[in-house]
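Working notes for the structure below.
Readers should treat all values here as calculations from the given coordinates under stated rules, not as data from a laboratory. Quick caveat, the model's predicted, so the values are computed rather than measured. All Cβ positions, glycine included, derive from the backbone under ideal geometry; neighbour counts span all protein chains shown.
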Amino acid sequence: MVFYRTYRPQKISELDSADLRERLYSIFTKNFDTAHAYLFSGPKGLGKTSAARIVAKVINCEKHEKLKKAKLTEAEIEPDNKCWQCTSITSGTNFDVLEIDGASNRGIDEIRDLKEKINLLPGKAARKVYIIDEVHMLTSEAFNALLKTLEEPPAHAVFILCTTELHKVPQTIVSRCFRVDFKKATDEEIERSLLRIIKGESIKIEKQAISAIAKISDGSFRDAAKILEELSLTSGKKTITQDYVSEKFNTLGIELAIEQFINSLNTKDTKKGFEVVSKLAKQGIDFKFFIENLLEKFHLMLLGKLGVGPTLEDKFEISEIKTILELLAKAHSETKYAVLPQLPLELMIVEWSERAQSLEFRVQNSQGNQVAAGRLPSAGKLDSFYNDFINEVKVHNHLIAGVLRSCEIEQTNGSMQIIAISKFHKEKLEESKTFKILQDVAEALVGKKVKLDIILRPS
Ligand SMILES: [Zn+2]
């Protein structure tokens, strides 16, 4: 990933997507000082974070203080990349530009912290810039805090929210942002990004080889940079030819396919998963080998999660990894007798997406949007249902299970109510992490979305 990081675009004109350049120029020539929130959405590897840092520089570059104009030209908007603001943003040491990872457990604390400190003026910069990555992963509590801040942002604050899953971001937040959609890169745009690296590193490479890399990387700048880096490492000082790319691609292709496949499981993108499988089928790949590679990856992820091995990318919950491992093991054993070699893996994708849908926590629920009523258990079966429910929760957290034993369950109008005997218990169950577990388990047991409420028993 050295190439990708070293050759990140540093100003708008260096961004490789023509669409994106146009959009940013248009926003900033018209609204240089007015916008308080931007929402960057699109698939991984398209440079959303790089673009967010560029926007932070556009806003804070010291040259703008001298210009003092309401309307700026495209050239005037560009950061100079020389002043203290620009260079410290590039090196990640600017304390007025904060990057928050919505996917990390610290997300909620950071948002709470943000809410408290937002009114403090920036230290040295014109504006405080908050870049929130993977914003769709925030808990509903953090979303609410963020929404309150977005409703009345202080003049000195700007938010850049990034997401790979726009549909999971509440509409109330989307509607308050300038939206910038990142589209899959064209082959020409990928080639442009590769040329910057090729020039910078003085890599010897055939023109056709560059096109070949662009095709393999499937619209992702990050993948393209990674492939070029790998090829330049293995080719030594020789010129990278088109033949060399296709020769290496067989092994390189599998690595990439594994990554793309895992991403498709992570985003529950069934179509993308099928695309990867179909590409592999055309290459005549050994699916048993491919599945074994996947099993190994997820096994390592599991060990990492349990603290037995190194922590890997934190994309999946333990329960998800467990389900995926089971489904992969099943696909693996079926591969031997499959009429179509890719079929077991395709069925695995379908089954995963079905299970994931019933397990997935829907942020929208707690946002008060309408929730379709699931098949709630009939009154007579409610007790045994509650027992199953508690036992399942116990797997995740035995303390919560203990609290639940002191509660009662009821259902009305398609909603499930857990009746707590004390305010303390009610608050305990309503903590965002706990509530997520309760909701996930209830939905998994019912098999559909469930509206869940915690209420206090009338005294
Ligand atoms: Zn500057």
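Label sites at Ser406 and Lys183, each approximated as a point 7 angstrom past Cα along Cα to Cβ, lie 5.8 nm apart.
If each residue of separation counts as 0.36 nm, what is the full-extension length gain between Asp109 and Val350 once their alpha-carbon separation is subtracted? Let's see the in-between values first.
On the way: separation 241, 0.36 × 241 = 86.76 nm, distance 3.59 nm.
Residue separation times 0.36 nm, minus the Cα-Cα distance, leaves 83.2 nm.
Please state, as a whole number in µm²/s, the translational diffusion coefficient that the Stokes-Einstein equation yields for segment 379-456 at 37 °C and 0.692 mPa s, with Rh defined as the Kirkwood radius across alpha carbon pairs. Rounded, D is 267 µm²/s. Please list, by residue number, every one of the GluC sites (Glu not before Pro) in segment 303-354 that is coil in DSSP and has at most 15 other beta-carbon atoms within 10 Å. Within segment 303-354, the qualifying GluC sites (Glu not before Pro) (loop, at most 15 other Cβ atoms within 10 Å) are Glu313, Glu317. For segment 7-181, a/c is not less than 1.5, where a ≥ b ≥ c are the root eigenvalues of the C-alpha gyration tensor, and a/b tops b/c. That puts it in the prolate class. Among the chymotrypsin sites (Phe, Trp or Tyr not before Pro) in segment 217-278, none is located in a DSSP loop while being surrounded by at most 13 other Cβ atoms within 10 Å of its own Cβ. The stretch between Lys448 and Ser13 holds 151.8 nm of extra length on full extension. This uses 0.36 nm per residue minus the Cα-Cα distance.
If you wrap the Cα atoms of segment 68-129 in a convex hull and average its projected area over all directions, you get 5.8 nm².
For the pair Ser278 and Leu98 in one chain, pulling the backbone fully straight at 0.36 nm per residue adds 60.7 nm over the alpha carbon distance. Remark: for residue pairs Lys117/Lys423; Lys183/Lys449; Lys30/Lys63; Lys66/Lys184, the C-alpha separation exceeds 27 Å in Lys117/Lys423; Lys183/Lys449; Lys66/Lys184.
Straight-line cross-link reach from Lys288 at under 16 Å between alpha-carbon atoms covers these lysines, not counting any fewer than eight positions away in the same chain: Lys279, Lys297, Lys330, Lys336. Under a straight-distance cross-link criterion of Cα-Cα below 15 Å, which aspartates and glutamates are reachable from Lys82, leaving out those fewer than 8 residues away in the same chain? Output for Lys82: Glu62, Glu65. For Lys128, the amide hydrogen comes within under 5 Å of the amide hydrogens of Ala157, Val158, counting only partners 5 or more places away or on other chains and with H modelled in the peptide plane.
3J(HN,Hα) along segment 41-49: 10, x, x, 5, x, 9, x, 5, 5 Hz, from the Karplus curve 6.51 cos²θ - 1.76 cosθ + 1.60 with θ = phi - 60°, whole Hz, x for Gly and Pro. Dividing the mean sequence gap of close Cα pairs (under 8 Å, 6+ apart) by how many residues segment 399-459 holds gives a relative contact order of 39 percent.
Does segment 172-215 come out rounded, prolate or oblate, given a ≥ b ≥ c as the square roots of the eigenvalues of its C-alpha gyration tensor, rounded meaning a/c under 1.5 and, failing that, prolate meaning a/b above b/c?
Note, shape of segment 172-215 comes out prolate.
Mean projection of the Cα convex hull over all viewing directions, computed for the chain: 25.7 nm².
Which peptide among 164-177, 137-150 comes first, and what is the full order, when sorted by highest mean count of other Cβ atoms within 10 Å?
137-150, 164-177
Amide H contacts of Lys451: Gly374, Met416, each under 5 Å away and 5 or more positions distant or on a separate chain (H built 1.01 Å from N in the peptide plane; Pro and chain starts excluded).
The phi torsions of segment 130-145, fed into the Karplus equation with coefficients 6.51, -1.76 and 1.60 and a -60° offset, translate into couplings of 10, 9, 10, 7, 6, 4, 5, 7, 4, 6, 5, 4, 5, 4, 4, 4 Hz, rounded to whole numbers, with Gly and Pro shown as x.
Model label points for Glu430 and Lys330, set 7 angstrom from Cα along the Cα-to-Cβ axis, are 3.9 nm apart. In percent, rounded to a whole number, the relative contact order of the chain is 13, using alpha-carbon pairs under 8 Å and six or more apart. The mean sequence distance of close C-alpha pairs (under 8 Å, at least 6 residues apart), as a share of the length of segment 7-181, puts its relative contact order at 32 percent. Projected label points at Glu22 and Trp84, each 7 Å from Cα along the beta carbon direction, are separated by 4.0 nanometres.
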